[in-house]
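A short write-up of the structure that comes next.
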Amino acid sequence: MAASQTDFYQTLQVSRDADAATLKGAYRKLAMKFHPDRNPGDASAEAKFKACNEAYECLKDPQKRAAYDRFGHEAFTQGMNGGGGGGFGGGRGGQSDFGDIGDIFETIFGSAFGGGGGAARQQQRRGADLRYDMEIGLEEAFNGKSTEIEIEVSQSCGTCDGSGATPGTSERTCNLCNGAGAVRAKQGLFVVERPCPTCGGRGQVIEDPCGECRGEGRVDQLQALAVEIPPGVDTGTRIRLSGKGEAGQRGAPPGDLYIFIHVKRHTLFEREGTTLATRVPVSFTTASLGGSVDIPDLDGSTNTIEIPVGIQSGKQLRVRGAGMPVLQGRGRGDMVVEIAVETPTKLSRKQKEILEQFRETETGDECPESRSFFSKLKDAFGT
């Protein structure tokens with residue numbers, strides 16, 4: 001820091017660890033005290049007012065303050081006294097007059113504030129990733145499938161081989177950034193580096209663009225792609241096809257294609273992970289006497305479910321290993337069968353007579369849950 005320059009913190013009469021609110025309060029107090037309108041004709045007050053403004057403009061900005069805390073006034077004076085140089089490029093050795101301050105900010109904050117043009121120029125712009133939504137049935141999710149999709153996607157131009165230039169011609173160095181891919185502009189006390197507007201940050205320009213791709217190096221084409229869907233996929237499963245996304249500009253690597261799976265609802269089964277659930281109605285005679293029901297398996301076989309005597313509605317029976325395959329693993333989940341005892345709605349005269357005879361023989365022990373309920377009802381209300 002130059003001896004003739006007062007420390008910004010001293011100017012605002014605050015400590016070096018003052019927070020933003022303290023800085024603002026100190027500045028307002030001093031600005032009101034030394035404002036020219038309050039001190040007409042007082043050159044000393046006017047100078048102090050300007051010094052307060054300069055100090056506050058620096059310290060209220062976190063990035064400027066960080067540079068000032070580390071380098072003092074040197075952070076804003078180095079490189080400013082050299083000759084020549086406009087707002088872009090120019091100056092000593094192709095550097096702007098703010099070359100040194102750019103290096104300072106690169107040291108503190110990284111390449112976003114200075115330098116790095118060459119590295120940025122050499123970075124190729126990878127093609128965009130693409131998304132494709134595919135709907136499949138539960139049976140296809142169970143067994144897996146091999147299929148083919150068609151998608152329109154940008155691919156490397158065959159005429160110019162992805163270069164973007166007419167065959168037989170080549171790129172040249174950009175005149176604006178001299179191949180750096182970036183230009184620097186003065187903005188107040190700072191220098192800001194941006195991608196070159198002429199070459200888009202590549203450092204090279206095409207004088208004779210390819211007529212097929214108009215200099216892009218890529219063209220939209222319909223592409224047929226083979227897709228392997230593994231057994232066990234579920235809604236939300238993502239399949240990645242590396243390098244099958246959008247082609248990069250002028251020979252840059254392509255992006256990837258992501259296929260998102262959506263499994264349609266099934267008429268019989270509900271799925272939760274690897275578990276298959278279904279609801280099976282059984283007659284009240286089967287529920288009373290026991291029996292069995294056959295449930296189809298997604299692999300084409302049949303699962304025979306044994307119904308125990310006296311089963312109630314809502315009871316769940318589990319069939320081990322009859323669910324969905326484990327994705328990219330071994331084995332299968334389970335099948336859960338919920339029993340729904342169905343009361344008959346249409347009875348013949350003979351069936352009604354049989355049921356009347358059955359009712360006459362009921363003792364209450366046949367349905368213990370009903371007996372328990374009415375017993376509680378009697379105890380509670382005396383009826």
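Each value in this text was obtained by applying a stated rule to the coordinates, not by laboratory testing. These numbers were taken from a predicted model, which means no experiment stands behind them. Counting neighbours? That spans all protein chains shown, and the Cβs are built from the backbone with ideal geometry, glycine included.
Observations on the structure shown:
- Subtracting the Cα-Cα distance of residue 366 and residue 346 from 0.36 nm times their residue separation leaves 4.9 nm of extension gain.
- Protection proxy ranking for 315-325, 209-219, using the average of other Cβ atoms within 10 Å per residue and placing the highest first: 209-219, 315-325.
- Each listed q (0.22 Å⁻¹) maps to a log10 I(q)/I(0) for segment 2-57, found by the Debye formula over equal Cα scatterers with no solvent: -0.81.
- Length gained on full extension, residue 135 to residue 373: 80.7 nm, using 0.36 nm per residue less the C-alpha separation.
- Between residue 223 and 151, 152, 153, the built amide H atoms are under 5 Å apart, and every one of these is 5 or more places off in sequence or on another chain.
- With a threshold of 27 Å on the Cα-Cα distance, the over-threshold entries among 264/346; 145/315; 24/64 are 264/346; 145/315.
- Here's the picture: charge each Lys and Arg Cβ at +1 and each Asp and Glu Cβ at -1 in segment 180-233, and of 204, 227, 215 the one pushed furthest to the positive end of that dipole is 204.
- Based on the convex hull around the alpha carbon atoms, segment 234-280 presents an average projected area of 4.1 nm².
- Protection proxy ranking, peptides 247-259, 55-67, average beta carbon neighbours within 10 Å, highest first: 247-259, 55-67
- In plain terms, the bigger the Kirkwood radius, the slower the diffusion; for segment 250-315, with that radius from Cα pairs, at 10 °C and 1.306 mPa s, Stokes-Einstein puts D at 101 µm²/s.
- Among 151-164, 228-241, 342-355, the peptide with the highest mean count of other Cβ atoms within 10 Å heads the list, and the full ranking is 151-164, 228-241, 342-355.
- For segment 134-228, size of Cβ-based charge dipole, Lys and Arg +1, Asp and Glu -1, in debye: 1000
- Rel. contact order, % - alpha carbon contacts under 8 angstrom, at least six apart, segment 148-248: 41
- Here the contact order of segment 247-357, divided by its residue count and restricted to Cα pairs under 8 Å and six or more residues apart, works out to 26 percent.
- Simple rule: put +1 on each Lys or Arg Cβ and -1 on each Asp or Glu Cβ in segment 224-373, find the dipole, and look at 308, 368, 282; the Cα lying farthest toward the positive end is 282.
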